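Since the structure comes first, as structure tokens, the remarks are kept for the end.
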Amino acid sequence: MDSAATINGACEKLGPGDILLLEGQMAGPMKKDGTDVGLIPMEWWPDNLAVIRKAVAKGIIVVEAAGNGYQNLDDPVYETYPAFGSSWKNPLNPNNPSSGAIIVGAGNPPPRTHGRDWGADRSICDYSNYGSRVDCQGWGREVTTTGYGDLQGGTVDTMYTDKFNGTSSASPVVVGALAVLQGILKAAKRPLLTPSRALQLLRDTGSPQQDGQHGPKTRRIGNRPDLRKLIPLVVGR
């Protein structure tokens, strides 16, 4: 099954206020064989873009990994692609119609997390794509989660890791923050966040990006969500 069909299948099963996570990344025009260089967000392709817009129009909050491609998504190389036709407009350019998805870059965790140091907290990870269309960041290294690790040993159904990384770890961090907000609103019988409201909150609030060894904060990956700031905003306190 292709990516657009898979996204559409999820869209059909979800409703307003639900959250759809897209961890995939695809090979753009700058892709280099045998490396992650050139991997970019899925929405750049018209068929994916169409179904993401369909989900957002349905009220589903779509959270999308920015990709681990070491790319400046504002690069003019992404402005045209003959195979897409003359009517296509690059959705990674904020001057063009948006997909409405929340795009998440990868930031470094606080120094000495798990005894390791990747540079300044909330600075860009070396591999993370960046640009004006990237809305916010999550941890791009040192994420503890279930699966494929030997953090505590044991059998395959009890495995944990503390080394989950990439924009694939960053984007679910943001999903988790949004799910907390939706849960609070639902419990209070209040209207749930819309896709546009969720996106704007994440761009406007949070802990700011810092300069780091892999690039200045002008390589935008945005703020890291801060629930202590977000919760009062959504519940009106």
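For the reader, a short list of remarks on this structure follows.
- For the stretch 33-171, fraction of C-alpha pairs farther apart than 18 Å, in %: 61
- Taking the inverse of the mean 1/r over every pair of distinct Cα atoms in the stretch 140-237 gives a Kirkwood hydrodynamic radius of 15.5 Å.
- Alpha-carbon radius of gyration plus Dmax, which is the widest Cα pair, for the stretch 15-97 in Å: 13.3, 40
- Its alpha carbons considered, the stretch 75-143 gives a radius of gyration followed by a Dmax of 15.9, 51 Å.
- Straight-line cross-link partners of Lys189 among the lysines, defined as a Cα under 28 Å from its Cα and at least 8 positions apart when in the same chain: Lys13, Lys54, Lys58, Lys229.
- For the stretch 83-123, alpha-carbon Rg over 2.2 N^0.38 Å: 1.96
- Interchain or long-range residues, amide H under 5 Å from Tyr160's placed H: Gly147, Gly149, Leu151, Gln152, Gly153
- Considering only Ala4, Ser207, Ala101, the residue lying farthest towards the positive end of the dipole of the chain is Ser207, judged by Cα position with unit charges set on Cβ.
- Relative intensity, log₁₀ I(q)/I(0), of the stretch 187-237 from a Debye sum that treats every alpha carbon as a point, q = 0.17, 0.18 Å⁻¹: -0.60, -0.65
- Cross-link partners of Lys89 among aspartates and glutamates (Cα-Cα below 20 Å; sequence separation of 8 or more within a chain): Glu43, Asp47, Glu64, Asp74, Asp75, Glu79, Asp135
- Taking amide hydrogens as placed 1.01 Å from N in the peptide plane, the amide H of Gly212 sits under 5 Å from those of Ile124, Lys217, each at least 5 positions away in sequence or on another chain.
- Dipole size of the stretch 1-88 about its Cα centre, with +1 on Lys/Arg Cβ and -1 on Asp/Glu Cβ: approximately 220 debye, rounded to the nearest 20.
- DSSP assigns beta bridges within the chain; of those with both partners inside it, close to 40 percent run antiparallel.
- Largest-first ellipsoid semi-axes for the chain, taking √(5λ) over the Cα gyration tensor eigenvalues, angstrom: 25, 24, 19
- Applying the Karplus relation 6.51 cos²θ - 1.76 cosθ + 1.60 with θ = phi - 60° to the stretch 230-235 yields 3J(HN,Hα) values of 6, 4, x, 5, 7, 9 Hz, where x marks Gly and Pro.
We did not get these values from a lab; they are worked out from the coordinates using the rules stated. These numbers come from a predicted model, not from an experiment. Cβ atoms come from the backbone with ideal geometry, glycine included; neighbour counts cover every protein chain shown.
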